[in-house]
Structure formats: C-alpha cells, structure tokens
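Asks: Pasting a structure here, questions to come.
The values are calculated or read from the model by the stated rules, or taken from the named source; none is laboratory data. All values reported here derive from a predicted model rather than from experimental measurement. When we count neighbours, we look across all protein chains shown, and the Cβ atoms used for this are built from the backbone with ideal geometry, even at glycine.
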Amino acid sequence: QGGALVTSTAATVTGSNRLGNFTVENGNADGVVLESGGRLDVLEGHSAWKTLVDDGGTLAVSAGGKATDVTMTSGSALIADSGATVEGTNASGKFSIDGTSGQASGLLLENGGSFTVNAGGLASNTTVGHRGTLTLAAGGSLSGRTQLSKGASMVLNGDVVSTGDIVNAGEIRFDNQTTPDAALSRAVAKGGSPVTFHKLTTSNLTGQGGTINMRVRLDGSNTSDQLVINGGQATGKTWLAFTNVGN
C-alpha cells in the first residue's frame with residue numbers, strides 16, 4: 001500500500017506501491033506514494049515526478065530542488081521555501097512554486113506543512129490550515145487572499161507587504177529572528193540583545209477570532225511592531241497580544 005516510506009533523493013530505493021512501481025535513484029524520484037508518516041526529501045539539484053502525498057505524508061523540497069506532477073490530498077504536508085520548484089494539485093486546486101522567480105500560488109499548508117517566502121519572494125492566494133505555518137522573511141510579500149485557519153500560524157521575520165486580503169482565524173506573530181523557538185527569541189531580546197521591530201502592511205484585514213502577537217518596548221522608547229491598513233479596512237474580531245521586550 002505505499003506504507004511509511006521515509007527517504008531522500010540521495011538514497012537508492014525501488015519497489016511497488018498501490019499505484020505501481022516506483023524508483024528513487026541518482027537524485028531522482030518517480031512514482032512515490034507518501035502516507036501515514038511517510039516522507040520524501042527532495043534535495044538541492046534533485047527532482048521528483050508523479051508524487052502522491054496522501055493523508056499523513058510529507059513532501060519536503062529544498063531550495064534548488066524540483067517536484068512536478070505532485071498530487072496532495074487532504075491531511076498531507078508540503079515543506080518548502082520560495083527557492084524550490086514545485087507544481088501540482090492540492091485539495092484547493094492547482095498550486096505552484098517557481099524557484100527562479102520566487103513566486104508561489106495556491107498553496108495549502110496544513111498538518112505540519114510549512115512554506116517560507118524569502119526576500120523578494122511572493123505568495124499569492126495562500127491557505128494555511130490547522131498546524132500549518134507560513135513564514136515571511138524581510139522583503140517577502142503576499143497577494144490575493146491569505147487565509148489563516150484556526151490553529152494556523154504566520155510568522156513575520158521582517159517588514160512584509162500584502163497587496164490583498166488577510167483573513168485571520170489563527171495566529172500572526174512578529175518575530176525577531178528565524179529561530180524556531182519563539183519563546184527563546186523573546187527571552188533573548190528581553191535580555192538585552194538588539195530588537196528589530198517589523199511592519200505588516202495589508203490592504204484589508206478580516207478577523208475571525210484570530211490573534212496578532214506584537215512586541216513593544218515599555219522602557220521609555222515606546223517602539224513596537226506595526227500593523228498598517230493601507231487603503232482598505234479592518235473588520236471582524238481580532239485579538240491583539242503584546243510582549244514587552246524592553247528592560
């Protein structure tokens with residue numbers, strides 16, 4: 001049945017699954033099925049074709065890696081950044097990541113899936129589901145509709161502009177660095193290390209009970225992260241949470 005195959009394109013694996021024969025060899029993977037804890041890592045300079053990522057499966061594509069003709073079903077996870085090249089279909093329709101231009105469209109991130117928009121990159125019409133994470137570096141941008149479901153996260157590691165709509169039922173978090181431990185980031189910042197505040201600019205913000213976590217200095221400078229609504233409006237219900245990073 002596909003089973004819990006866990007491998008990378010650096011390995012050599014051949015066999016059969018419920019779709020037929022599959023191979024992983026010479027930096028190329030063809031016909032792999034990932035489900036129930038299965039994972040395929042497509043490394044830089046390597047490729048994957050006709051990959052089925054089913055419930056509980058994970059496809060991770062490194063910058064410089066390429067995965068085409070990908071089918072992702074509900075409950076599957078994609079891990080990538082805007083330096084990878086990926087195209088296929090998910091539960092929402094067609095999606096793509098162009099590693100050359102840094103542009104991504106139609107991504108669905110859930111169940112541990114994550115996508116990082118690097119500087120100069122763009123993510124359009126992105127849906128972040130439960131346990132999904134969208135991370136933006138300074139200079140990364142959004143367009144179209146960015147939907148954060150309950151249990152979803154969007155992490156801002158620099159100034160970010162959205163020319164479309166952000167719909168938030170999850171969490172938007174301003175962070176100081178790319179460490180995966182946000183609590184550690186805040187502790188280090190409060191301990192005296194420099195804090196770089198960020199600005200999120202969006203045309204519209206619709207709150208669906210989500211939270212925006214911002215940092216503020218209460219030690220006299222009164223500086224903080226910023227949320228700017230540019231030309232549109234903020235509607236619905238959004239919780240604002242503030243963390244003091246001053247001394």
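Asks: Could you check residue 93 against (1) touching a residue at least 24 places away in the same chain (Cβ under 8 Å); (2) surrounded by fewer than 22 Cβ atoms within 10 Å (Cβ to Cβ) and say which number it fails?
Replies: (1)
The rows are residues; the columns are (1) surrounded by fewer than 16 Cβ atoms within 10 Å (Cβ to Cβ); (2) of a type in the set (Lys, Arg); (3) within 22 Å of residue 151 (Cβ to Cβ).
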site: 10; (1), (2), (3): yes, no, no
site: 25; (1), (2), (3): yes, no, no
site: 31; (1), (2), (3): no, no, no
site: 35; (1), (2), (3): no, no, yes
site: 47; (1), (2), (3): no, no, no
site: 55; (1), (2), (3): yes, no, yes
site: 69; (1), (2), (3): yes, no, no
site: 104; (1), (2), (3): no, no, yes
site: 110; (1), (2), (3): no, no, yes
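Asks: Taking the residues in the range 217-234 that are buried (at least 17 other Cβ atoms within 10 Å of the Cβ) and over 22 Å from the mean Cα position of the chain (by Cα) as candidates, determine which candidate is farthest from residue 168 (Cα to Cα).
Replies: Only one residue fits best here, namely 217.
Asks: Identify all residues within the range 113-138 that are under 15 Å from residue 95 (Cβ atoms) and among the hydrophobic types (A, V, I, L, M, F, W, C); write none if there are none.
Replies: 115, 117, 122, 123, 128, 134
Asks: Going by the conditions given, is residue 114 within 24 Å of residue 36 (Cα to Cα) and either surrounded by fewer than 16 Cβ atoms within 10 Å (Cβ to Cβ) or modelled with pLDDT of 95 or more (or both)? Step through it out loud before you land on a result.
Replies: Details: within 24 Å of residue 36 (Cα to Cα): yes; either surrounded by fewer than 16 Cβ atoms within 10 Å (Cβ to Cβ) or modelled with pLDDT of 95 or more (or both): yes.
Yes, satisfied.
Asks: Only strands (runs of 3 or more DSSP E) wholly contained in the range 166-247 count here; list those with 3 or more residues that are in contact with a Phe, Trp or Tyr (Cβ under 6 Å, 6 or more places away or on another chain) and at pLDDT 75 or above.
Replies: Result: 199-216.
Asks: On to the next question. Cβ contacts < 6 Å: first residue at positive phi, restricted to the range 51-64; second residue of a type in the set (Val, Ile, Thr) and at pLDDT below 95, any location; separation 6+ or different chain. Result?
Replies: Pairs found: none.
Asks: Going residue by residue through the range 37-44, is there one that turns out to be surrounded by fewer than 18 Cβ atoms within 10 Å (Cβ to Cβ) and closer than 24 Å to residue 155 by Cα?
Replies: Checked against the condition, which is being surrounded by fewer than 18 Cβ atoms within 10 Å (Cβ to Cβ) and closer than 24 Å to residue 155 by Cα, the range 37-44 yields no hits at all.
Asks: Among the numbered criteria (1) under 12 Å from residue 166 (Cα atoms); (2) loosely packed, with under 14 Cβ neighbours inside 10 Å, which one does residue 201 miss?
Replies: (2)
Asks: Right, here's the next one. Assess whether residue 125 counts as being within 12 Å of the chain's Cα centre (by Cα) and either closer than 21 Å to residue 235 by Cα or outside any strand (DSSP E or B) (or both).
Replies: No: the conditions fail for residue 125.
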